[in-house]
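Every number in this text was worked out from the coordinates using simple rules, so none of it is lab data. Not measured: the values here are computed from a predicted model. No Cβ is skipped: glycine too gets one built from the backbone with ideal geometry, and neighbour counts run over all protein chains shown.
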Amino acid sequence: MSTDVDRSAAMVPVVVASAVPESLPGLAPSHEAGASSVDLERAILSTLDEYREAGLVTRRDAGKVALAVHVCRVMEDKRRRGRTSTYSNDARLLNEILDGFVAEEGAGDERLRAAMAEWSLYVQGLATGQAIAAAS
């Protein structure tokens with residue numbers, strides 16, 4: 001009996017079906033953002049228009065408006081090219097820019113300014129009192 005075993009028959013290539021795609025949905029190199037890029041930019045411009053009508057966006061905010069639109073376009077370019085590793089950071093930044101317009105509205109409230117001035121005087125008085133007590 002021969003000890004040599006013919007293994008050529010055992011070396012048949014095996015094809016395994018996999019439920020895992022080669023790339024994640026929407027992140028394939030050939031993926032085109034299509035309408036989503038238009039939708040996101042349109043939504044950002046609509047939001048900025050609403051802010052402008054509410055008096056939250058003025059000419060002094062031109063840079064912030066341009067930055068918001070630019071970040072939106074960068075996000076869509078990243079998604080179109082499948083380079084989304086920092087996409088969530090861009091989305092957070094865009095959200096902060098948009099929220100900044102609304103936050104500035106509250107900063108202009110006269111009641112808030114008066115309360116902050118009163119608080120500032122109170123804190124100043126405490127600091128003065130502590131300084132006098134420490135010197136005694």
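Details
- Dimensionless Rg/Rh of region 32-107 - Kirkwood Rh, Rg from C-alpha atoms: 1.01
- Per-residue Cβ neighbour rank within 10 angstrom, fewest leading, LEU94, LEU121: LEU121, LEU94
- Measuring r between the beta carbons of ARG59 and THR86 and using R0 = 30 Å, the FRET efficiency lands at 0.45.
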